[in-house]
Ligand SMILES: Cc1cc2nc3c(=O)[nH]c(=O)nc-3n(C[C@H](O)[C@H](O)[C@H](O)COP(=O)(O)O)c2cc1C
């Protein structure tokens with residue numbers, strides 16, 4: 001079974017560090033056969049505030065459909081004022097009610113300038129994901145002092161942190177392989193669709 005992953009970058013700042021951390025995860029996904037990835041960068045979507053009309057409704061429809069059809073999702077959020085970024089919250093608010101995230105395994109990655117890291121934003125994201133019926137995975141990676149971890153070109157200067165960030169890709173795919181793929185195969189067998 002092909003695994004489709006959607007990644008969402010919660011920062012829209014030009015040159016943002018969340019995208020630099022996320023790039024390592026995307027690089028790791030790219031090494032995995034049978035894994036297709038759709039990276040979503042929110043600045044391209046012109047997301048409307050909740051209740052207002054979308055400037056580009058077709059882009060929101062594609063965004064919702066992509067998440068709905070994904071096997072798993074990776075949310076990468078910067079820590080802004082002790083919480084998740086407003087673009088990340090707006091993205092989740094634009095994923096419908098009930099949410100397209102429902103029943104999806106979600107890997108969390110947080111990025112912060114400060115010394116305590118993205119503890120508050122990843123905990124908030126975990127609560128929001130659980131609230132909309134998603135399955136936030138236990139392992140979360142929080143990058144502290146990110147301006148010392150990456151240089152301006154996106155090179156990671158901390159080998160241990162790089163390993164942890166890359167690990168998020170494997171954590172999500174392994175969860176999917178160990179749970180969702182088995183469940184789907186079992187359903188196929190029960191429906192007599194296995195060809196056996
Ligand atoms: C509006 C705003 C609020 C921020 N608040 C925090 C904060 O509470 N804690 C912290 O460690 N860093 C904070 N930062 C710094 C970001 O964590 C930092 O820019 C980091 O690089 C991740 O964000 P980025 O992906 O947009 O670069 C804030 C940045 C912005 C723009």
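The values are calculated or read from the model by the stated rules, or taken from the named source; none is laboratory data. Remember, predicted model here, so these are calculated numbers, not experimental data. Counting neighbours? That spans all protein chains shown, and the Cβs are built from the backbone with ideal geometry, glycine included.
Among the conditions (1) under 16 Å from residue 108 (Cβ atoms); (2) more than 18 Å from the chain's Cα centre (by Cα), the only one that residue 70 does not satisfy is (2).
Going through the stretch 150-163 one residue at a time, which ones are farther than 19 Å from residue 14 by Cβ and touching a strand residue (DSSP E or B) at 6+ places or on another chain (Cβ under 9 Å)? Those that are farther than 19 Å from residue 14 by Cβ and touching a strand residue (DSSP E or B) at 6+ places or on another chain (Cβ under 9 Å): 156, 157, 158, 161, 162.
Residues that are out of contact with any strand residue (DSSP E or B) (no Cβ under 7 Å at 6 or more places or on another chain), touching a residue at least 40 places away in the same chain (Cβ under 8 Å) and within 16 Å of the ligand (Cβ to nearest atom) occur at least once in the stretch 62-84. Determine, yes or no, whether residue 123 is within 16 Å of the ligand (Cβ to nearest atom), free of Cβ contacts under 8 Å to residues at least 12 places away in the same chain and either under 30 Å from residue 181 (Cβ atoms) or not in a helix (DSSP H, G or I) (or both). Yes: the conditions hold for residue 123. Right, residue 36: away from the ligand (no atom under 14 Å from the Cβ) and not in a strand (DSSP E or B) or not? Taking the combined requirement at face value, the residue does not satisfy it. Please tell me if residue 76 is part of a strand (DSSP E or B) and at pLDDT 95 or above. Criteria met by residue 76. On the given criteria, is residue 130 modelled with pLDDT of 95 or more, outside any loop (DSSP other than H, G, I, E, B) and within 16 Å of the ligand (Cβ to nearest atom)? Considered against the rule, which asks whether it is modelled with pLDDT of 95 or more, outside any loop (DSSP other than H, G, I, E, B) and within 16 Å of the ligand (Cβ to nearest atom), residue 130 comes out as no. Mind checking whether some residue in the stretch 89-108 is more than 24 Å from residue 165 (Cβ to Cβ), out of contact with any helix residue (DSSP H, G or I) (no Cβ under 7 Å at 6 or more places or on another chain), within 16 Å of the ligand (Cβ to nearest atom) and outside any strand (DSSP E or B)? Yes, the stretch 89-108 contains at least one residue that is more than 24 Å from residue 165 (Cβ to Cβ), out of contact with any helix residue (DSSP H, G or I) (no Cβ under 7 Å at 6 or more places or on another chain), within 16 Å of the ligand (Cβ to nearest atom) and outside any strand (DSSP E or B). Checked against (1) at negative phi; (2) assigned to a loop (DSSP other than H, G, I, E, B); (3) free of Cβ contacts under 8 Å to residues at least 40 places away in the same chain, residue 152 passes all but a single condition, namely (3).
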